[in-house]
1. Can you go through Val137, Val221, Val174 and tell me which one is within 30 Å of Phe58 (Cα to Cα), β-branched (Val, Ile, Thr) and touching a residue at least 12 places away in the same chain (Cβ under 8 Å)?
2. Looking at the stretch 128-173, which of its residues are β-branched (Val, Ile, Thr) and either exposed (fewer than 12 other Cβ atoms within 10 Å of the Cβ) or over 21 Å from Thr82 (Cα atoms) (or both)?
3. Does the stretch 191-208 contain any residue that is without any contact (Cβ under 8 Å) to a residue 60 or more places away in the chain and polar (S, T, N, Q)?
4. Run down Glu211, Glu159 and say which single residue is among the acidic types (Asp, Glu), under 18 Å from the mean Cα position of the chain (by Cα) and outside the structural domain of Lys99 (by TED's automatic domain parsing).
5. Take Tyr91 and tell me if it is crowded, with 19+ Cβ neighbours inside 10 Å and either more than 22 Å from Val137 (Cα to Cα) or touching a residue at least 12 places away in the same chain (Cβ under 8 Å) (or both).
6. Taking the options Ser95, Ser112, name whichever one is of a type in the set (Gly, Ala, Ser) and within 10 Å of the chain's Cα centre (by Cα).
Amino acid sequence: MEVSKNTVLIILLVFIHCTGFAQSENSMTNSSIRIPLKKGKKPSTLYEKLIIEPTNLFIQSKPIKNNSPHVQLELNVVENSTKYNTFLWYYEESSGNKKVNYPKAYQNYSFSLEMNKKKVNLVVEKLDFEKTMFIDVGQTAVIGNLEILFKDCIRESSEDINGNQTDAFNSYNVLLAENGEHKTVSFISLDKLVDKELIIEWKNYKILILEDSEKALKLIVNNSLQQKR
């Protein structure tokens, strides 16, 4: 039995529509994809092995509360049976400075917002060295052969001889791995350090911790071998 080209095309279009994947408006290259966003929920997008679900986009030009996001996106990323949920937000401080909590790292991908003339895009790219990223607690970032797991954050405190709390701080555990080798690094809140910064050196990698919180770490990774090329 012969099937016409028109019949095959119709079946393909129906399949794409039924799965809920939106591709036509997206801008894709070999290493990234830009997904236009609108207020509310947007259909899922299939990118490589990821199902990207921009669950809800919230925009307010004049936030009611201080430090309230001007733009916030709830994002779900599904890979096989694993689901990653996070929020990307952006706001302008009273001083005019802009503050964001992205690019968010998940496996070997980064997720960020791009805003231009009131248009908002979700940008998905491959992680790379010498680029700032945020890793949510419990998540792993993969750059080349290096895996960085933000294992956990523990709230701790110190007391005086009378049992009164004198200080409170966070204690972090990060697991590094490459080709079967592992190393666990522990450190405390950056504001408790004398230099207010932390550099983790392992093998040919140098990891600079830029910001810390219970929910995410902001960092940048340098590879000395890559820099010599």
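1. Values: Val221 fails: within 30 Å of Phe58 (Cα to Cα); Val174 fails: within 30 Å of Phe58 (Cα to Cα).
Criteria check complete, one pass: Val137.
2. Going residue by residue through the stretch 128-173, those that are β-branched (Val, Ile, Thr) are 132, 135, 137, 140, 142-143, 148, 154, 161, 166.
Result: Thr132, Ile154, Ile161, Thr166.
3. Let us first name the residues in the stretch 191-208 that are without any contact (Cβ under 8 Å) to a residue 60 or more places away in the chain, namely 191-208.
Adding the requirement that they be polar (S, T, N, Q) leaves 204.
The answer is yes; a qualifying residue exists.
4. Values: Glu159 fails: under 18 Å from the mean Cα position of the chain (by Cα).
Selected residue: Glu211, the only one of Glu211, Glu159 that is among the acidic types (Asp, Glu), under 18 Å from the mean Cα position of the chain (by Cα) and outside the structural domain of Lys99 (by TED's automatic domain parsing).
5. Working: crowded, with 19+ Cβ neighbours inside 10 Å: no; either more than 22 Å from Val137 (Cα to Cα) or touching a residue at least 12 places away in the same chain (Cβ under 8 Å) (or both): yes.
Judged against the criteria, Tyr91 is not a match.
6. Values: Ser95 fails: within 10 Å of the chain's Cα centre (by Cα).
So the residue among Ser95, Ser112 that is of a type in the set (Gly, Ala, Ser) and within 10 Å of the chain's Cα centre (by Cα) is Ser112.
The values are calculated or read from the model by the stated rules, or taken from the named source; none is laboratory data. These figures come from a predicted structure and were not determined experimentally. Every residue, glycine as well, gets a Cβ built from its backbone with ideal geometry; the counts of neighbours run over all protein chains shown.
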